[in-house]
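Q: Would you mind keeping the following structure in view while I ask a few things?
Where a number appears in this text, it was derived from the coordinates with a stated rule and is not lab data. Fair warning: this is a prediction, and the values are worked out from it, not measured in the lab. Reconstructed Cβ throughout: ideal geometry from the backbone, glycine too, with neighbour counts over all protein chains shown.
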Amino acid sequence: MATMGVNMAIRNDHELHKRRVKSNLLLGLVLGGFVTLVFAITMVKLKDGQLMEAFNHTLRNSLLEKSK
């Protein structure tokens, strides 16, 4: 039983496996790029957070008419 691993031959990858690896790497790069894009857009939008006001059922000063 100890010599079982000695007789196993090293196989070359089939062409299909090579293409699959390439397509998986490409898909990983595309998904990574998308995540980076979403992160960058989020950071740009949060950069000036005082101007962003969410709807939270409260009275906001920016919605009130300014009296002269």
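Q: Fully extended, how many nm does the chain gain between ARG20 and MET43 (0.36 nm per residue separation, minus their Cα-Cα distance)?
A: Between ARG20 and MET43, full extension yields an extra 4.9 nm.
Q: Find out how many positive minus negative residues lie around LEU26, taking Lys and Arg as positive, Asp and Glu as negative, among other residues whose Cβ is under 12 Å from that of LEU26.
A: My count for the surroundings of LEU26 gives +3.
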